[in-house]
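Novice: One structure is given below, represented as structure tokens, and several questions about it will come after.
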Amino acid sequence: MKRINDAIEEQFQTFQILDEDGKVVNEEAMPELSDDELKELMTRMVYTRILDQRSIALNRQGRLGFYAPTAGQEASQLGTQFALEKDDFILPGYRDVPQLIWHGLPLYKAFLFSRGHYVGNQMPEGVNAFSPQIIIGAQYVQAAGVALGMKKRNKNAVAITYTGDGGTSQGDFYEGINFAGAYKAPAIFVVQNNRFAISTPVEKQTAAKTLAQKAVAAGIEGIQVDGMDVLAVYAATKEARERAVRGEGPTLIETLTYRYGPHTMAGDDPTRYRTKDLDSEWEKKDPLVRFRKFLEAKGLWSEEEENKVIEQAKEDVKAAIKEADNVPKQKVTDLISNMYEELPFNLKEQYEEYKAKESK
């Protein structure tokens, strides 16, 4: 059995296109992206890094609620989303708000989601997505169902979902990939392996050498990708999507990435479980630095262009938080009326009680 396990693990080598210096090390795997598309990808990564910085500042000011930092995971998040089509359906985890924004969720609604406002969970017409799932791994089962629905309706689209390495320890993870595999549902399951879940090292979560190899037991395709290499992430997702719409079933993509900040802004202290040496090691793999070097070598990016993106992001955040502030405050009666189409008798009493309080 050990020889069998070793042979399986040996098959899951990390897929990479750009090294840490932004140099191409896998020319054959280079995706067919135009210069404009490459620049757009960089624009989104820079914009999202600034959005993260501003969101952290707003959280500390008490102007946002729950927030999970994204710095370090831009290549994993945006490389996957960039490979999608408008009709594809996103089922995100709580750290995956950037994918929703680039899929069409207005920025002010992302801020309202953070505040727990119901308007932040209302997707605009044409934006195929669920609001971020807080329960760890639950979106994997949901994604299998959405993907099967697409297959039954003969839609030329996929469902993509995300979780972290900690999510692979949940039963929903296995149920989701197994169900999707059994029905060859057009799903893409992304595991963003940032090594520590909330605070537990991935080595203590599983005896498996990779998380990608868990696809073997479900009979689906699996691949481990350098999650700090946006081109590798994009290429792997693009191929997974093409396989899915051809009817070849789902793919499990493990992206090796790192969150530079805490798990969430709700009191997590990463210095208690991560060393400075490890942080420094992963800072050298920064996805923005790597891709910037690649684009600069091709003459496609400059400091001036990056500064324009930074300023635009800051202006957009300022406008969006103002718009979020102008949305009427959520009331208890909103919560009650949104829960049921027809209120049960006990909630009717409470509704009238709170309605009277709110009218004063």
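Novice: Could you say whether any residue in the stretch 108-116 is of a type outside the set (A, V, I, L, M, F, W, C), within 22 Å of residue 86 (Cα to Cα) and out of contact with any Cys (no Cβ under 8 Å at 6 or more places or on another chain)?
Specialist: Here is the first cut: in the stretch 108-116, the residues of a type outside the set (A, V, I, L, M, F, W, C) are 108-109, 114-116.
Add one more test, that the residue is within 22 Å of residue 86 (Cα to Cα), and what stays is 108-109.
Narrowing the set further to residues that are out of contact with any Cys (no Cβ under 8 Å at 6 or more places or on another chain) leaves 108-109.
Checked against the condition, which is being of a type outside the set (A, V, I, L, M, F, W, C), within 22 Å of residue 86 (Cα to Cα) and out of contact with any Cys (no Cβ under 8 Å at 6 or more places or on another chain), the stretch 108-116 yields at least one hit.
Novice: Determine whether residue 290 is in contact (Cβ under 8 Å) with a residue 60 or more places away in the chain and surrounded by fewer than 22 Cβ atoms within 10 Å (Cβ to Cβ). So that I can check it myself, show each step before the final result.
Specialist: Details: in contact (Cβ under 8 Å) with a residue 60 or more places away in the chain: yes; surrounded by fewer than 22 Cβ atoms within 10 Å (Cβ to Cβ): no.
Criteria not met by residue 290.
Novice: Is it fair to say residue 256 is modelled with pLDDT of 95 or more and either under 21 Å from the mean Cα position of the chain (by Cα) or among the β-branched types (Val, Ile, Thr) (or both)? Walk me through how you get there before you give the answer.
Specialist: Working: modelled with pLDDT of 95 or more: yes; either under 21 Å from the mean Cα position of the chain (by Cα) or among the β-branched types (Val, Ile, Thr) (or both): yes.
Yes: the conditions hold for residue 256.
Novice: Of all the residues that make up the stretch 2-18, how many are of a type in the set (Phe, Trp, Tyr) and exposed (fewer than 10 other Cβ atoms within 10 Å of the Cβ)? Walk me through how you get there before you give the answer.
Specialist: First pass over the stretch 2-18, keeping only residues of a type in the set (Phe, Trp, Tyr): 12, 15.
Now narrow it down to the ones that are exposed (fewer than 10 other Cβ atoms within 10 Å of the Cβ): none.
Result for the stretch 2-18: 0.
Novice: Every residue in the stretch 85-111 that is buried (at least 20 other Cβ atoms within 10 Å of the Cβ), in a loop (DSSP other than H, G, I, E, B) and over 13 Å from the mean Cα position of the chain (by Cα), please.
Specialist: 88, 105
Novice: Under 8 Å by Cβ, and 6 or more places apart or on different chains, what pairs join a residue from the stretch 153-181 that is more than 25 Å from residue 98 (Cα to Cα) with one that is in a helix (DSSP H, G or I) and of a type in the set (Ser, Thr, Tyr)?
Specialist: Correct list of pairs: 175/140.
Novice: Here's something else I'd like to know. Output the number of the condition that residue 143 fails; it satisfies all remaining conditions of (1) within 18 Å of residue 99 (Cβ to Cβ); (2) more than 14 Å from the chain's Cα centre (by Cα); (3) assigned to a helix (DSSP H, G or I).
Specialist: The failed condition is (2).
Novice: Here's a follow-up. Quick one: is residue 63 among the basic types (Lys, Arg), assigned by TED's automatic domain parsing to the domain that holds residue 189, surrounded by fewer than 19 Cβ atoms within 10 Å (Cβ to Cβ) and in a helix (DSSP H, G or I)? Full working, then the answer.
Specialist: Details: among the basic types (Lys, Arg): yes; assigned by TED's automatic domain parsing to the domain that holds residue 189: yes; surrounded by fewer than 19 Cβ atoms within 10 Å (Cβ to Cβ): yes; in a helix (DSSP H, G or I): no.
Considered against the rule, which asks whether it is among the basic types (Lys, Arg), assigned by TED's automatic domain parsing to the domain that holds residue 189, surrounded by fewer than 19 Cβ atoms within 10 Å (Cβ to Cβ) and in a helix (DSSP H, G or I), residue 63 comes out as no.
Novice: Does the stretch 316-337 hold any residues that are surrounded by 12 or more Cβ atoms within 10 Å (Cβ to Cβ) and either closer than 19 Å to residue 356 by Cβ or among the aromatic types (Phe, Trp, Tyr) (or both), and which are they?
Specialist: 330, 331, 332, 333, 334, 335, 336, 337
Novice: Can residue 273 be described as among the aromatic types (Phe, Trp, Tyr) and not assigned by TED's automatic domain parsing to the domain that holds residue 23?
Specialist: Working: among the aromatic types (Phe, Trp, Tyr): yes; not assigned by TED's automatic domain parsing to the domain that holds residue 23: no.
Spelling it out, it is not the case that residue 273 is among the aromatic types (Phe, Trp, Tyr) and not assigned by TED's automatic domain parsing to the domain that holds residue 23.
Novice: Filter the stretch 218-262 for residues that are in contact (Cβ under 8 Å) with a residue 40 or more places away in the chain, part of a helix (DSSP H, G or I) and not aliphatic (A, V, I, L, M) and give the result.
Specialist: Once the filter is applied, which keeps residues that are in contact (Cβ under 8 Å) with a residue 40 or more places away in the chain, part of a helix (DSSP H, G or I) and not aliphatic (A, V, I, L, M), the stretch 218-262 yields 234, 237, 238, 241.
Novice: Considering only residues of the stretch 1-18 that are touching a residue at least 60 places away in the same chain (Cβ under 8 Å) and outside any helix (DSSP H, G or I), which is farthest from the chain's Cα centre (by Cα)? Explain how you work it out, then say what you get.
Specialist: Step one: filter the stretch 1-18 for residues touching a residue at least 60 places away in the same chain (Cβ under 8 Å), giving 8-9, 11-18.
Among the residues that remain, those that are also outside any helix (DSSP H, G or I) are: 11-18.
Details: 11: 26, 12: 22, 13: 23, 14: 20, 15: 19, 16: 20, 17: 21, 18: 21 Å.
The selected residue is 11.
Novice: While we're looking at this one, here's another question. Could you check, for the stretch 155-167, whether at least one of its residues is part of a helix (DSSP H, G or I) and among the acidic types (Asp, Glu)? So that I can check it myself, show each step before the final result.
Specialist: First, pick out the residues of the stretch 155-167 that are part of a helix (DSSP H, G or I): 165-167.
If we keep only those that are among the acidic types (Asp, Glu) too, we end up with 165.
Yes, the stretch 155-167 contains a residue that is part of a helix (DSSP H, G or I) and among the acidic types (Asp, Glu).
Novice: Of these, 267, 247, which one is assigned by TED's automatic domain parsing to the domain that holds residue 41 and either touching a Cys at 6+ places or on another chain (Cβ under 7 Å) or modelled with pLDDT under 95 (or both)?
Specialist: Values: 247 fails: either touching a Cys at 6+ places or on another chain (Cβ under 7 Å) or modelled with pLDDT under 95 (or both).
Unique residue meeting the criteria: 267.
Novice: I've got another one for you. Look through 74, 37, 27 and report the one residue that is among the acidic types (Asp, Glu), surrounded by 16 or more Cβ atoms within 10 Å (Cβ to Cβ) and out of contact with any Gly (no Cβ under 7 Å at 6 or more places or on another chain). Let's see the steps before the verdict.
Specialist: Details: 37 fails: surrounded by 16 or more Cβ atoms within 10 Å (Cβ to Cβ); 27 fails: surrounded by 16 or more Cβ atoms within 10 Å (Cβ to Cβ).
Result: 74 is the single residue among 74, 37, 27 that is among the acidic types (Asp, Glu), surrounded by 16 or more Cβ atoms within 10 Å (Cβ to Cβ) and out of contact with any Gly (no Cβ under 7 Å at 6 or more places or on another chain).
Novice: Here are 268, 279: which of them is within 24 Å of residue 50 (Cβ to Cβ), charged (D, E, K, R) and in contact (Cβ under 8 Å) with a residue 40 or more places away in the chain? Walk me through it before giving the result.
Specialist: Working: 279 fails: in contact (Cβ under 8 Å) with a residue 40 or more places away in the chain.
Testing whether each residue is within 24 Å of residue 50 (Cβ to Cβ), charged (D, E, K, R) and in contact (Cβ under 8 Å) with a residue 40 or more places away in the chain leaves just 268.
The values are calculated or read from the model by the stated rules, or taken from the named source; none is laboratory data. It should be emphasised that the depicted structure is a prediction, and the values quoted were computed from it without experimental measurement. Note that we place each Cβ from the backbone using ideal geometry, even for glycine, and neighbour counts take in every protein chain shown.
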